[in-house]
Amino acid sequence: MEGSLRPRLANSSDFQFGAVATETIENALLHLAQQNEQAVKEAAGRMGNFRESRIVEFVFLLSEQWCLEKSVSYQAVEILERFMVKQAENICQQATIQPRAKTELQNWRALKEQLFNKFILRLVSCVQLASKLSFHYKIVSNVTVLNFLQALGYMYTKEELLESELDVLKSLNFQINLPTPLAYVEMLLEVLGYNGCLVPATQLHTTCLTLLDLVYLLHEPIYESLLRASIENSTPSQLQGEKFISVKEDFMLLAVGIIAASAFIQNHECWSQVVGHLQSITGIALESIAEFSYAILTHSVGTHTPGQQQPVPHKAARALRTAASSNT
């Protein structure tokens, strides 16, 4: 019975490009760009980062077990990230206030312990909330969630599950319909299709999904290498790391890096043309696109491609920079 209620997993080959009017695409792209600009501004000074590899892997595996589409897993990670950062900030703010009484110190410790003890419950609530935002697939039922938690040894009730969802919603002021990097990737692929990109959008889409998974799973090492490349220093300072937080929230930059890396994997001869289109669409510098795609390629295919003893990512990055300078 349980199996019959689970929707089928989304198939990337079912995704269609070129079915939307250009005016609609232009408006949607402008809206995403405005959202991205606002998110980058709000990220300045944000404390903490919960896109840790084990957490992301847990969310991905859970979404796969529940047969949720890709967009749901990404959105669940983003909801959890915002929620946990908000909780951590609240705890840190209380810690900076000089305790006036023993009870206040105990309350602070209780909040910290509660955040730790209920983390799995909050994570599952974020996945369930993300599933409710999906227009194409059935939501994850409370029975499914409770059975999963019980299998892990957590004996929660339906009331506690609903309270957990409400806690996440209240903490984020009910603003959980967050844009994900996938939305930016798919929108840019749509535009690339209309602009006459030599690599088919559908073909790029499949590779983009794989690389986006990888970026989420290797979030810290990829962005650390990007930070070191941007400052040309192998040991960035704490201040440089804090200023770089806004870059981690720039989904438009991430999307162009994902697409550029996918284009290289699919057809490296067309890479400069694809990157040129991405630059004209987004206004992001060609060198920035090259650096980001290089970081992704380095952590995905490594310094050598399978079956070849050539440092292709290094050569490709240099070739792209050359193409960039010749196009300007």
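In this structure, does residue 71 turn out to be crowded, with 19+ Cβ neighbours inside 10 Å and more than 14 Å from the chain's Cα centre (by Cα)? Break it down into steps so the answer makes sense when it comes.
Working: crowded, with 19+ Cβ neighbours inside 10 Å: yes; more than 14 Å from the chain's Cα centre (by Cα): no.
Spelling it out, it is not the case that residue 71 is crowded, with 19+ Cβ neighbours inside 10 Å and more than 14 Å from the chain's Cα centre (by Cα).
Please go through the range 119-149 and pick out each residue that is under 20 Å from residue 75 (Cβ atoms) and open to solvent by 50 Å² or more (accessible area, probe 1.4 Å). Of everything in the range 119-149, those that are under 20 Å from residue 75 (Cβ atoms) and open to solvent by 50 Å² or more (accessible area, probe 1.4 Å) turn out to be 132, 135, 136, 137, 138, 139.
Going by what's in this entry, would residue 164 be described as under 20 Å from residue 130 (Cα atoms) and surrounded by 16 or more Cβ atoms within 10 Å (Cβ to Cβ)? Before the answer, list the steps.
On the way: under 20 Å from residue 130 (Cα atoms): yes; surrounded by 16 or more Cβ atoms within 10 Å (Cβ to Cβ): yes.
Against the criterion (under 20 Å from residue 130 (Cα atoms) and surrounded by 16 or more Cβ atoms within 10 Å (Cβ to Cβ)), residue 164 qualifies.
Among (1) closer than 23 Å to residue 28 by Cα; (2) modelled with pLDDT of 90 or more; (3) touching a Ser or Thr at 6+ places or on another chain (Cβ under 8 Å), there is one condition residue 137 misses while meeting the rest; what is its number? Unmet condition: (2). Among residues of the range 263-282 that are small (Gly, Ala, Ser), those with a beta-carbon under 7 Å from a residue that is open to solvent by less than 60 Å² (accessible area, probe 1.4 Å) and part of a helix (DSSP H, G or I) at least six positions away or on a different chain give the pairs 263/204; 263/270; 263/271; 263/274; 272/320; 272/323. Contact annotation: residue pairs with Cβ atoms under 9 Å, 6 or more positions apart or on different chains, pairing a residue in the range 193-217 that is among the small types (Gly, Ala, Ser) with a partner that is open to solvent by 30 Å² or more (accessible area, probe 1.4 Å) and assigned to a loop (DSSP other than H, G, I, E, B), are 193/17; 193/18; 193/200; 201/15; 201/17; 201/18.
When the range 216-260 is filtered for residues that are within 16 Å of residue 81 (Cα to Cα), part of a helix (DSSP H, G or I) and either open to solvent by 20 Å² or more (accessible area, probe 1.4 Å) or among the charged types (D, E, K, R) (or both), the ones remaining, listed by number, are 217, 220, 245, 246, 247, 248.
Total residues in the range 265-278 satisfying the condition of being under 21 Å from the mean Cα position of the chain (by Cα) and open to solvent by 10 Å² or more (accessible area, probe 1.4 Å): the figure is 1.
Within the range 115-159, the set of residues being in contact (Cβ under 8 Å) with a residue 60 or more places away in the chain and charged (D, E, K, R) comprises just one member, 138. Scanning for something of a type in the set (S, T, N, Q), touching an Asp or Glu at 6+ places or on another chain (Cβ under 8 Å) and modelled with pLDDT under 95, does the range 192-214 turn up at least one residue? No, the conditions are met nowhere in the range 192-214.
Filtering the range 39-64 to residues that are in a helix (DSSP H, G or I), modelled with pLDDT under 90 and either polar (S, T, N, Q) or surrounded by 15 or more Cβ atoms within 10 Å (Cβ to Cβ) (or both) leaves 39, 40, 43.
Look at the range 263-305 and say how many of its residues are over 16 Å from residue 185 (Cα atoms), of a type in the set (Gly, Ala, Ser) and touching a Ser or Thr at 6+ places or on another chain (Cβ under 9 Å). Selection size over the range 263-305: 4.
Are there helices (runs of 4 or more DSSP H) fully within the range 119-180 with at least 2 residues that are hydroxyl-bearing (Ser, Thr, Tyr) and within 22 Å of residue 64 (Cα to Cα)? List them.
Working: elements: 119-132, 142-151, 158-171.
Ranges flagged: 119-132.
Could you check how many residues of the range 181-215 are open to solvent by 10 Å² or more (accessible area, probe 1.4 Å) and either of a type in the set (Ser, Thr, Tyr) or not in a helix (DSSP H, G or I) (or both)? The qualifying residues number 10. Scanning the range 150-160 for any residue that is open to solvent by less than 40 Å² (accessible area, probe 1.4 Å) and not small (Gly, Ala, Ser) turns up nothing.
The values are calculated or read from the model by the stated rules, or taken from the named source; none is laboratory data. A quick note: this is a predicted structure, and the numbers were derived from the prediction, not measured. Cβ: placed from backbone, ideal geometry, glycine included. Neighbour counts: every protein chain shown. Note: accessible area is taken over every heavy atom of the protein model, side chains too, but ligands, DNA and RNA are not part of it. Shrake-Rupley method; radii C 1.70, N 1.55, O 1.52, S 1.80 Å.
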